[in-house]
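S.K.: Quick one: the structure is below, questions incoming.
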Amino acid sequence: MVEIILYIAGGLILLGMLTALWRFVEGPSSADRIMAFDAMTVTSIALIALIAFFNNRIIYLDVALVYGLLSFTGVIVIARFLEKGL
Amino acid sequence: MEIRMLIGSIVTLIGAIFIFLGALGIVRMPDLYNRLQSGTKASTLGTILSIAGIGIINPAWAGKAFIIISFVMMTNPVSSHTLARGAHHLGIPLSKKTVIDKLKEAEANEKKEEQ
Amino acid sequence: MYKNMFIIVLLAGLGILLGSFLLTHHANKALPELPAYYADKTASEVGAANVVTAVIVTYRGFDTLGEVTILFVAASLIAMFLKTSKAPKDRHPRPSSVILSTAQKLLFPLIVLFGVYVFTNGHLTPGGGFQGGAVIATGFLLLLMANPQAEFKHGLLNFIESISGTSYVIIGILGAILGLGFLDNRFMSLGELGTLFSAGAIPVIYSLIGLKVGAELSNILHHLNEVQNEA
Amino acid sequence: MNLKNVIQIFILSYLTWLALNWSVNADVLITGAIISVLIAVLLCSHCEVLQEVRLSPKSFAYAFAFVGVFWIELIKSNFDVALRVLTPSLPINPGIVEVKTTLHSNIGKMLLANAITLTPGTLTVDILDDRMFIHWIDVTSTDINEATRAIVSKFEKYLEVMYG
């Protein structure tokens, strides 16, 4: 029962990532693309947590944390570059 | 035992639904700022709920889940704000539906005062 | 319209490709000879829960020394070539908002702490010195983003880098004298598998590598930023 | 070097370390203490950000109330925006409005801006001293005072007690 619900959740998350990928490809501006990228990486944190549950490994959550950190820094760097703050 | 796992999985499912709705918002909304509103913010809540659900299912993971949740809640609004600020400075246009842009007026006023 | 169609086809193709990989994937349970040796012997010989770390730090420790040296040479070369003049350029980057600078001040110690966590737990979790060092450098990158004209404590970074590099080699030689060979980890007690103080010298070596990599990457970032300040 | 600041950074780092490791073995406790002291003294003697927090029982109570109000607002507004996204006609009425805040400390301003940004429907675009420019998905009033009451006041009264 629990696993079925979590499989459905994982499918929905994947579907959401694909939908965000559409915006990443479509654009139209670079800020739109980086926004879609940010949404995708934040979403993938949830996906990594699900994978950690299915494999029963807590250490995957460390990977999720690093992922969140890198996504945050990446967005900040590109946003500051766009506004000529570097 | 079983009920706790059921609650956790349902919380995760609600989070996944929010993630999907947020992604839908990213595609449907007309300009960058509205996309940031519906997309990034909804996916933030979705991620928080998903990880909280995993933490409920597995109480031994609660500490790390709490760290991830507080980290996401701390950093995501900051990156959204920085991106919106940069985009507005860059002059990425707002949609035609927009009613008012006080920030543009304020920046124009400041430029006038400098001259 | 055609562009949209093309994007849909592209996304669908990508989904089918990845989905078919996922569905037809069967894990190969039987390991070849060399991986099987590492997988069987690591816990008893070296005492590390993470096999990759054991391979990087002990079995192939000499390679890691080479990698650290390469990184050091790269950092030195960047410092040498980028430092052209002393005159500061009249540069006016757009200042960051109070939200970003405050959040950076709050997050900076936590990011550095997380980097330290990644490399001190390198023998237990999928982390390690290089990853932890990169996470620490991320903290410094954030500092530069919030305040592009920030000054680092240059002396402190250089001190950390040289001290950790030297200690790394000294520990390697200690392993050769007290243990079985250069960078052997067994001259310290192996401890209980899965705890923080275990696997002999591996956590110490990885912490030194992490500090060195973090200091070097931060130095590179600082030089890259400084060259923009110079005319 | 400020002793209060160093102690606060140390406590923050140590608690984070314990939550990351999620064990109370002696080795974890000792290593964490050493690392937290090093970070607080060497790296963060200049991050003066937590000093403005008031440490009184009242502010703790208000912090809990703030978290509660924030979660209720977060879920309410998420449903609101989700409904807007699902409606075929896309009923939005966006605009950037100006609001005023009475908070003085940096961390208070940051928390207020983060709370506003995290609730969908409002997004902090820029902040100049005490003026905040907020992108609002459904502008009901363009007047500064009206907008302030609608967006800022519900969080501000709690943060004011905590951070001044």
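S.K.: Return the only residue of C:Thr138, C:Thr64 being more than 10 Å from chain D (Cβ to nearest Cβ), surrounded by fewer than 23 Cβ atoms within 10 Å (Cβ to Cβ), assigned to a helix (DSSP H, G or I) and not acidic (Asp, Glu).
M.R.: C:Thr64
S.K.: Suppose we filter region D:83-92 for residues that are within 8 Å of another protein chain (Cβ to nearest Cβ) and out of contact with any Ser or Thr (no Cβ under 8 Å at 6 or more places or on another chain); how many remain?
M.R.: Residues meeting the conditions: 3.
S.K.: Here is a list: C:Gly139, C:Gly129, C:Gly133, C:Gly115. Which entry is modelled with pLDDT under 85, within 25 Å of the chain's Cα centre (by Cα) and within 21 Å of D:Leu18 (Cα to Cα)?
M.R.: The conditions single out C:Gly129.
S.K.: Is it fair to say B:Thr82 is without any contact (Cβ under 8 Å) to a residue 40 or more places away in the chain, open to solvent by less than 10 Å² (accessible area, probe 1.4 Å), at the interface with another protein chain (Cβ under 7 Å from one of its Cβ atoms) and within 17 Å of A:Gly11 (Cα to Cα)?
M.R.: no
S.K.: Give just the number: which of (1) touching a Ser or Thr at 6+ places or on another chain (Cβ under 7 Å); (2) of a type in the set (Gly, Ala, Ser); (3) in contact (Cβ under 8 Å) with a residue 40 or more places away in the chain does D:Ala115 not satisfy?
M.R.: (1)
S.K.: Moving to a separate point now. Looking at A:Gly16, is it in a helix (DSSP H, G or I) and within 7 Å of chain B (Cβ to nearest Cβ)?
M.R.: Judged against the criteria, A:Gly16 is a match.
S.K.: I'd like the full set of residues that are more than 13 Å from chain B (Cβ to nearest Cβ), of a type in the set (Ser, Thr, Tyr) and open to solvent by less than 40 Å² (accessible area, probe 1.4 Å), limited to region D:121-157.
M.R.: Within region D:121-157, no residue meets the criteria.
S.K.: Tell me whether region D:66-79 contains one or more residues that are under 23 Å from B:Gly39 (Cα atoms), of a type in the set (Lys, Arg) and more than 8 Å from chain B (Cβ to nearest Cβ).
M.R.: Scanning region D:66-79, I find at least one residue that is under 23 Å from B:Gly39 (Cα atoms), of a type in the set (Lys, Arg) and more than 8 Å from chain B (Cβ to nearest Cβ), so the answer is yes.
S.K.: While we're looking at this one, here's another question. Tell me, yes or no, whether region A:51-61 has at least one residue that is more than 30 Å from C:Ile99 (Cα to Cα), touching a Lys or Arg at 6+ places or on another chain (Cβ under 9 Å), more than 7 Å from every other protein chain (Cβ to nearest Cβ) and open to solvent by 40 Å² or more (accessible area, probe 1.4 Å).
M.R.: For region A:51-61, residues more than 30 Å from C:Ile99 (Cα to Cα), touching a Lys or Arg at 6+ places or on another chain (Cβ under 9 Å), more than 7 Å from every other protein chain (Cβ to nearest Cβ) and open to solvent by 40 Å² or more (accessible area, probe 1.4 Å): present.
S.K.: Would you mind finding the one in C:Leu124, C:Leu106 that is without any contact (Cβ under 8 Å) to a residue 12 or more places away in the chain and open to solvent by 20 Å² or more (accessible area, probe 1.4 Å)?
M.R.: C:Leu106 is the lone residue from the list that is without any contact (Cβ under 8 Å) to a residue 12 or more places away in the chain and open to solvent by 20 Å² or more (accessible area, probe 1.4 Å).
S.K.: For region A:4-48, what are the residues that are open to solvent by 20 Å² or more (accessible area, probe 1.4 Å) and in contact (Cβ under 8 Å) with a residue 24 or more places away in the chain?
M.R.: Within region A:4-48, A:Leu14, A:Met17, A:Ser30, A:Phe37, A:Leu47 meet the criteria.
Each row is one residue, and each column tells you yes or no for (1) over 15 Å from D:Ile96 (Cβ atoms); (2) touching a residue at least 24 places away in the same chain (Cβ under 8 Å).
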{"site": "B:Gly46", "(1), (2)": "yes, yes"}
{"site": "B:Leu49", "(1), (2)": "yes, yes"}
{"site": "B:Ile68", "(1), (2)": "yes, no"}
{"site": "B:Ala108", "(1), (2)": "no, no"}
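S.K.: Quick one: which residue in B:Leu21, B:Leu49, B:Leu36 is crowded, with 22+ Cβ neighbours inside 10 Å and modelled with pLDDT under 85?
M.R.: That would be B:Leu36, the only listed residue that is crowded, with 22+ Cβ neighbours inside 10 Å and modelled with pLDDT under 85.
S.K.: Looking at region D:81-101, is at least one residue among the basic types (Lys, Arg) and outside any helix (DSSP H, G or I)?
M.R.: yes
S.K.: Confirm whether D:Asp80 is modelled with pLDDT of 80 or more, over 17 Å from the mean Cα position of the chain (by Cα), surrounded by fewer than 22 Cβ atoms within 10 Å (Cβ to Cβ) and not hydroxyl-bearing (Ser, Thr, Tyr).
M.R.: yes
The values are calculated or read from the model by the stated rules, or taken from the named source; none is laboratory data. Everything numeric in this text was worked out from a predicted model, so none of it was measured. Neighbour counts are summed over all protein chains in view; Cβ atoms, including those assigned to glycine, are modelled from backbone coordinates with ideal geometry. Protein only, heavy atoms only, side chains kept; ligands, DNA and RNA dropped before computing areas. Shrake-Rupley method; radii C 1.70, N 1.55, O 1.52, S 1.80 Å.
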